[in-house]
Amino acid sequence: MNAAQQVVLGLSALQALLDRLKGRGYRVLGPTVRDQAILYDDICAISDLPVGWTDVQDGGHYRLTRRDDAAIFGYAVGPHSWKKFLHQPAIRLWSAKHEHEQIRVTGETEAKAPLAFIGVRACELQAIAIQDKVLLGGTYVDAPYRTQREGVFVVAVNCSVAGGTCFCASMHTGPKANAGFDLALTELLDSDDHRFLVETGTELGHELLMEVPHRAATQAEIDAAQAIIARTAASMGRKMQADDVRDLLMRNLQHPRWDHVAERCLTCGNCTMVCPTCFCTTVEESSDLTGTETSLWRRWDSCFTMDFSYIHGGSVRSSAHSRYRQWMTHKLATWVDQFGSSGCVGCGRCITWCPVGIDITEEVQAIRESEPQ
Amino acid sequence: MFMAQSPETLGVGVAADVMLPRIARVRGLRLDGPETWTLDVEDEGNAGSFVPGQFNMMTAFGVGEVPISFSGDPSNADCVTHTVRAVGHVSAALTRLEPGDVLGLRGPFGTGWPMAEMAGRDVVIIAGGLGLAPLRPVLYHLLAQRDRYGNVALLYGTRSPEDVLYHQELRSWGGRSDLEVDMTVDHATTTWHGHVGVVTTLVPHATFDPINAIALVCGPEIMMRFAIGALRDAGVADEAIYLSMERNMKCAVGFCGHCQFGPLFVCRDGPVFRYDRVRTLLGVKEL
Amino acid sequence: MTDTTTADLARIIKEHPFFAGLDERFCDLISDCATTEQFEANAYLFHEGEQANHFYLLRHGRVALEIKSPGHGSIVIQTLRAGEILGVSWLVPPYRLAVDAKAIELTRTITVNAACLQGKCDEDHDFGYEMMQRFMPILVQRLHATRLQLLDVYGAKS
């Protein structure tokens with residue numbers, strides 16, 4: 001990218017961007033500090049963002065600590081992912097009214113404000129692309145996902161800090177945002193100047209950019225941004241040797257390592273809740289007391305529950321061994337057969353949020369190293 | 001890596017929302033086995049448009065939804081037929097419906113039995129217990145154009161004589177000279193005078209050319225594995241054997257993730273599978 | 001007992017699936033120990049507890065293996081038909097029959113005297129080995145089938 005194509009925004013310009021999005025009717029969502037974590041929620045101002053915060057992450061460990069500067073995006077990722085908004089945790093699919101021997105079923109048609117995501121990381125862009133493939137790219141289309149997904153405005157951020165459990169570099173999903181955004185920012189923070197190098201991804205992104213104060217980037221700024229990204233790529237907390245994982249796991253479905261992990265796994269399902277690509281759901285009928293109005297709700301589910309694989313008589317996967325194996329082999333192996341790519345984006349959330357710190361990069365390595373010949 | 005795509009450029013998809021049930025009305029019910037009822041349902045405009053082996057998702061409003069295979073005649077343009085055994089809340093609610101009652105339908109979903117592959121070949125149908133229901137549409141189809149097929153044999157095993165489905169029909173089929181019907185039970189009663197023993201023992205006695213035959217198997221998974229073993233012992237190739245798998249289903253369109261069997265979604269890649277495709281998967285415990 | 005010529009018997013033995021491909025001279029050995037029999041419907045071939053003096057090759061008809069159960073009369077645990085063999089207790093001491101065997105319909109058998117056949121096996125080990133090679137697969141198949149029957153794969157009645 002040469003200097004002519006990239007621009008720089010200052011802090012007030014970034015605020016102006018948020019304002020323009022709001023002015024255009026977007027629901028603006030971004031990271032914010034709450035409940036001792038960085039979560040995604042509605043935001044209005046830069047002050048809503050995690051200014052001056054960073055995170056310390058490891059297996060089963062997450063803490064926020066203060067930075068010694070005022071960086072806005074100086075942390076990795078928290079327990080939330082954008083699937084919270086695109087593939088919502090709980091929605092009503094339809095409602096049915098029982099009247100005079102008739103039943104009328106109505107789908108959900110409520111129009112909602114388009115969404116704007118601020119601060120989307122490269123791994124998250126990949127996760128969104130993966131869920132697009134799963135929920136929109138097959139014979140059937142998931143209508144609620146399509147409704148949410150349409151018209152989302154994405155402001156991506158290139159990571160300046162690699163998290164303790166991050167491994168996007170070895171998964172080839174980051175840290176640089178390459179596609180799927182309207183605008184991509186790299187935060188440049190010196191003692192005297194706080195600004196953002198902006199790469200444009202779409203016509204709409206360019207349009208918004210032109211509406212806020214901006215100037216051309218200098219070569220020095222472009223180089224600085226590249227250096228930041230390179231430094232992030234070199235300081236990943238974890239690593240996954242990714243090229244052969246699918247075949248490795250599929251030929252080791254009976255490996256003793258699964259027993260080893262089953263002894264530790266609580267089958268709590270945290271990993272599935274925080275994973276940005278996990279998409280499993282279940283449905284539940286609900287009805288009023290008289291049974292004249294019933295509805296069907298869809299909510300997130302996890303392959304770790306005993307119910308998940310239940311068929312008359314019992315669960316197909318009742319041992320922790322089989323449920324952990326299902327999750328990990330789906331994520332890293334059978335996902336490839338189903339959707340043409342790995343289901344893992346290397347964000348490390350499953351490692352951080354596992355209460356016992358199970359690490360899929362470690363599990364894959366253990367199987368690789370002890371594979372029976 | 002993976003390119004993000006806008007919703008507009010991805011799969012055309014289906015215009016109507018696939019999760020919305022359409023309203024259908026019960027025309028009649030028949031008790032066809034222990035706690036097992038066959039429902040004839042008026043499904044306006046949709047009857048006669050399924051492939052044997054496919055299933056509908058049936059909604060008992062206020063209770064829930066379950067996948068049930070079509071069990072009736074595919075040429076019947078009047079109504080759709082499903083045989084339901086009351087094993088849980090939803091299935092029990094469906095069996096308690098009365099003529100005129102309303103239920104919800106979504107479908108047809110899934111892959112069907114390979115009807116086109118059967119022409120000119122001997123057909124061996126092995127059913128266990130309730131597994132006869134998804135195979136009955138095949139028999140209707142074969143018998144309607146009987147001269148297109150070679151020997152047709154139905155081998156049916158149940159737990160006991162009381163568990164036999166479609167008594168009347170089996171009796172009349174047994175009387176046909178162009179259909180071989182052999183039945184057995186695992187546990188006999190004092191009034192049973194037929195075969196006693198597992199359904200696999202019927203295979204060596206059935207009439208078919210193993211080189212030319214095509215076999216369809218449906219029943220409990222253990223029974224299917226052993227029946228397939230008997231077919232292979234008789235010389236039938238893996239590529240000529242088809243089975244119908246069953247897994248927990250919540251959506252039937254490959255989104256809820258519940259029905260996964262290795263890399264396969266039983267609702268979408270199945271429920272009918274050619275044996276060579278699932279052979280290795282069937283050998284993995286708790287997959 | 002029916003009157004069968006030795007030549008006829010040798011032919012009948014050779015034609016039975018259990019002896020398919022059996023050497024000519026071995027067929028003759030068996031002929032020396034065998035006769036043909038016929039059982040009317042509902043006649044018993046043998047009863048539980050009796051000495052296992054014979055084993056039977058079913059040529060025609062069907063046989064039910066039954067066990068008497070107080071309160072349930074006789075329970076049929078397995079049925080056998082033409083082409084199959086009946087009787088395994090004669091192979092191992094104490095040579096005691098473990099089931100009742102009843103002809104379900106008119107049944108014709110080749111009935112082989114166990115002691116006679118045992119004697120021939122002792123005299124000619126090649127013949128003995130050939131017999132064992134034919135019995136073992138059937139026993140193994142029956143074991144597998146019985147295990148499957150025990151599993152109650154169709155599930156408990158709800």
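The values are calculated or read from the model by the stated rules, or taken from the named source; none is laboratory data. This one's a predicted model, so the numbers in the text were calculated from it and none came from an experiment. Quick reminder, even Gly has a Cβ in these numbers, built from the backbone with ideal geometry, and neighbours come from all protein chains shown. Protein only, heavy atoms only, side chains kept; ligands, DNA and RNA dropped before computing areas. Shrake-Rupley method; radii C 1.70, N 1.55, O 1.52, S 1.80 Å.
Using only the Cα atoms of chain A, build the gyration tensor, take square roots of its eigenvalues as a ≥ b ≥ c, and label the shape rounded, prolate or oblate: rounded if a/c is under 1.5, else prolate if a/b is larger than b/c, else oblate.
Working: a/c = 2.06, a/b = 1.22, b/c = 1.69.
Oblate is the answer for chain A, as a/c is 1.5 or above yet b/c matches or exceeds a/b.
Roll a 1.4 angstrom probe over the protein heavy atoms and tell me the percent of accessible area of segment B:116-282 that is carbon or sulfur.
Values: 2740 of 5690 Å².
Answer for segment B:116-282: carbon and sulfur cover 48 percent of the accessible area.
Working ranking of peptides A:55-65, A:147-157, B:50-60 by packing, defined as the average number of other Cβ atoms within 10 Å per residue, highest first, is B:50-60, A:147-157, A:55-65.
What average number of partner chain Cβ atoms lie no more than 10 Å from the Cβ of the residues making up A:311-318?
Numbers: counts 9, 10, 4, 0, 2, 9, 3, 1.
Averaged over the peptide's residues, the number is 5.
Cβ screening of chain C for cysteine pairs under 4.7 Å finds these without a partner: C:Cys27, C:Cys121.
When its C-alpha radius of gyration is set against 2.2 N^0.38 Å (N residues), segment C:71-110 gives a value of 1.36. Across segment A:57-69, rounded Karplus estimates of 3J(HN,Hα) from the backbone phi angles (6.51 cos²θ - 1.76 cosθ + 1.60, θ = phi - 60°) give 10, 7, x, x, 9, 8, 9, 9, 9, 7, 7, 9, 9 Hz, Gly and Pro being marked x. With Cα atoms defining each centre, segment B:217-260 and segment A:331-373 are spaced 29 Å apart in the structure.
Can you list the residues of segment C:49-78 whose accessible area drops by at least 10 Å² going from the chain on its own to the full set of protein chains, with a 1.4 Å probe? Residues shielded by partner chains are C:Arg62, C:His72, C:Ser74, C:Ile75, C:Val76, C:Gln78.
Where only DSSP H runs of four or more residues are counted, chain A gives -8000 deg cm²/dmol as its mean residue ellipticity at 222 nm, each run worth -39500 (n - 2.57).
With helices as the sole contributors, chain C gives -11500 deg cm²/dmol at 222 nm; each DSSP H run of n ≥ 4 counts as -39500 (n - 2.57), and the sum is divided by every residue.
How big is the C/B interface in buried accessible area, both sides summed, 1.4 Å probe, to the nearest 100 Å²? Let's see the in-between values first.
Numbers: alone 9390 and 14110 Å², together 21370 Å².
Protein heavy atoms only, the C-B interface buries about 2100 Å².
A straight Cα-to-Cα reach below 12 Å connects A:Lys22 with the aspartates and glutamates A:Asp42, residues fewer than 8 places away in its own chain not being considered.
Highest GNM mean-square fluctuation among A:Cys303, A:Cys271, A:Cys350, for chain A modelled with Cα contacts below 10 Å: A:Cys303.
Solvent-accessible area lost on pairing A with B (1.4 Å probe, both sides summed) amounts to about 4600 Å². Between C:Pro17, C:Pro70, C:Pro94, the residue with the greatest mean-square fluctuation in the GNM of chain C (Cα pairs under 10 Å linked by springs) is C:Pro70. Estimated purely from DSSP H runs of n ≥ 4, each contributing -39500 (n - 2.57), the mean residue ellipticity at 222 nm for chain B is -4500 deg cm²/dmol once divided by its residues.
For the protein assembly as shown, what proportion of DSSP beta bridges, expressed in % and rounded to the nearest 5, is antiparallel? Numbers along the way, then the final one.
Details: 109 of 142 bridges.
If I count the DSSP bridges inside the protein assembly as shown, around 75 percent turn out antiparallel.
For C:Lys120, a cut-off of 29 angstrom between C-alpha atoms picks up these lysines, skipping any fewer than 8 places away in its own chain: C:Lys14, C:Lys102.
Residues of chain B: accessible area per residue at 1.4 Å, in Å²? Could the numbers behind the result be given before it?
On the way: 10700 Å² over 287 residues.
I get 37 Å² per residue for this part.
Explain nothing, just the number: relative contact order of chain A, from Cα pairs under 8 Å at least 6 residues apart, as a whole percent.
22
Segment A:161-176 and segment B:123-167 have Cα centres separated by 56 Å.
Converting phi to 3J(HN,Hα) with the Karplus coefficients 6.51, -1.76 and 1.60 and the offset θ = phi - 60°, segment C:55-60 yields 10, 10, 10, 7, 9, 7 Hz in sequence order, with x at every glycine or proline.
Determine the relative contact order of chain B: mean sequence separation of Cα pairs under 8 Å and six or more apart, normalised by residue count, in whole percent. It would help to have the intermediate numbers written out before the result.
Details: 592 pairs, mean separation 47.3, N = 287.
Here the relative contact order equals 16 percent.
Checked against a 19 Å cut-off, the cross-linked pairs A:Lys83/A:Lys112; A:Lys84/A:Lys176; A:Lys84/A:Lys133; A:Lys112/B:Lys250; A:Lys176/A:Lys331; A:Lys112/A:Lys133 give Cα-Cα distances beyond that limit for A:Lys84/A:Lys176; A:Lys112/B:Lys250; A:Lys176/A:Lys331; A:Lys112/A:Lys133. Legend: residues in segment A:90-118 shielded by at least 30 square angstrom of accessible surface upon adding the remaining protein chains to the isolated chain (1.4 Å probe, heavy atoms) are A:Leu93, A:Trp94, A:Glu101, A:Ile103, A:Val105.
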